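I have placed the structure first, in the form of structure tokens, so that the comments after it can refer back to it.
Computed from the coordinates by the stated procedures, all read-outs in this text should not be read as laboratory data. Being a predicted model, the structure only gives us computed values, none of them experimental. Cβ atoms come from the backbone with ideal geometry, glycine included; neighbour counts cover every protein chain shown.
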Amino acid sequence: MSVATVLPPQENKTNDAPSNASKLNFNRITDEQFLLAAEHMGLEDEIQKLLITPYRELIVQVPVRMDDGKLELFHGFRVQHNAVRGPYKGGLRFHHHVDLAEVRSLAALMTWKTAIVDVPFGGAKGGVTCDPTSMSRKELQSLTRGFAQKIDMALGVYRDIVAPDVGTNAQVMAWFMDEYGKKHGYTPAIVTGKPVRLGGSLGREEATGRGVMIITLEACKAYGIDVKRASIAVQGFGNVGSWASRLLAQRGANIVAVSDVKGGIFKEGGLDIDAVLAHVKETGSVVDMPGTRPCGNEELLTLDVDVLIPAALGGSITRHNVENVSAKLIVEAANSPVTPRADEALRARNIPVIPDILANAGGVTVSYFEWVQNLQQFSWSHEKVNVELEERMLKAWWNVHTRSVEEKTPLRIAAFTEALHRVAEATRQRY
Ligand code: NAD
């Protein structure tokens, strides 16, 4: 089936805009990846239609009285994509690029991600179009509480569970849980990624980065890269990028470059990641780290390294810069960092890409552990969390890698196929 026969016509926008990621239609990108896998596995049309269509989409207004006394109106979204395998589950993004298409795309990715690591959740995502970096703590708290009130009717510990994403963190989850609790009573399981003292799980903060590390080690083995000699560049030094860098450096890898929204840094023999973290804590950015040279975000993507880990936002590697990418292996720590056209170009050059729905699934895996602990009113040790995470990530890697080899298909199609089989089977059993 061709892409055009399934997608609504208004979604036929460009898949590969030049340098501005906000112009990319991420929903279209995710749908295209879905359809390639659906075609590969011969998925019947009626199931394709069900699985490509979000179940429910909420668009809400969130008025906030700002510190200067003015009333500002924000737009919030919650997209519930699919819940045949369990309650909707997905993060909440605060960013000025957030729109319905992006949230839709991220919601669908969650459906495939939860299926790959085989946790009993579906997929959802939320977002508010705002710039959290320019808002005070009081304004962010009002925005979070206002948004929680507006989507409250669609949430529930067995219906839809929220988590942090770009621009949100454990504090935002604490406010969200507190607001939800005003109406429903004590309900820690309504959010994951909350502070440990409020019922958060040990190991959740680092979980996505730890999952990226586990998958990177396996991928290096599979593609003949010795991690102890490997050079790695990481775009985005937030939660995911900084933890992946730190944990890979602990395994002996040379993290030669890292970056954030303000710019990047490079050091030939490898950066001291703990020192970079201390510098970020002090200055708010990786830039101007003593003993390093500046390395802009575009240059970072073109460095001659063994492994490139995009861990910032979607759409960083497009057809416009893909020919300059020199890495031997790409691990998608961010969601949708490689566009479909860039993906094709990398495939033509035999550069393997470990897809987001596998590489960054560690976060939702430990979110599942957190939810289980909250429901049982019982907490696990940090070690137990890490052991269970590694087990699930390795199993997911081997399922996807084996399918890729046996079916002679790229890892992304193998990953989507693996996930689609699980979701499609549950769908057929329900209807
Ligand atoms: P974060 O907000 O903690 O960090 C994002 C980082 O990217 C920051 O260092 C920021 O400065 C940088 N950045 C932003 N715009 C940039 C740009 N244009 N160029 C270069 N760097 C830029 O977010 P995070 O939680 O680390 O998430 C990063 C990515 O990982 C996102 O795509 C997110 O959806 C994905 N992800 C996160 C989780 C999680 O558990 N946090 C789970 C799965 C996937």
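See the values below:
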{"quantity": "Residue check, Gln377 more than 14 Å from the ligand (Cβ to nearest atom) and within 23 Å of Leu92 (Cα to Cα)", "calculated": "no"}
{"quantity": "Answer residue from segment 79-97, given it is of a type in the set (Gly, Ala, Ser) and touching a Pro at 6+ places or on another chain (Cβ under 9 Å) and is surrounded by the most Cβ atoms within 10 Å (Cβ to Cβ) among those", "calculated": "Gly91"}
{"quantity": "Flag for Val364 being within 16 Å of the ligand (Cβ to nearest atom), under 18 Å from Ala415 (Cβ atoms) and within 23 Å of the chain's Cα centre (by Cα)", "calculated": "yes"}
{"quantity": "Output for segment 250-281, where each listed residue is part of a loop (DSSP other than H, G, I, E, B) and more than 14 Å from the ligand (Cβ to nearest atom)", "calculated": "Arg251, Gly252, Ala253, Lys267, Glu268, Gly269, Gly270, Leu271, Asp272"}
{"quantity": "Residue within segment 370-385 that is farther than 30 Å from Lys194 by Cβ, out of contact with any His (no Cβ under 8 Å at 6 or more places or on another chain) and free of Cβ contacts under 8 Å to residues at least 12 places away in the same chain present", "calculated": "no"}
{"quantity": "Any hit, segment 118-138, residues being surrounded by 20 or more Cβ atoms within 10 Å (Cβ to Cβ) and of a type in the set (Ser, Thr, Tyr)", "calculated": "no"}
{"quantity": "Segment 165-180, residues that are touching a strand residue (DSSP E or B) at 6+ places or on another chain (Cβ under 6 Å) and within 13 Å of the ligand (Cβ to nearest atom)", "calculated": "Asp165, Val166, Gly167, Thr168, Met173"}
{"quantity": "Residues of segment 282-312 that turn out to be within 13 Å of the ligand (Cβ to nearest atom) and either of a type in the set (Asp, Glu) or over 16 Å from Ala233 (Cβ atoms) (or both), as a count", "calculated": "5"}
{"quantity": "The one condition in (1) out of contact with any Cys (no Cβ under 8 Å at 6 or more places or on another chain); (2) within 16 Å of the ligand (Cβ to nearest atom) that Gln80 fails to fulfil", "calculated": "(2)"}
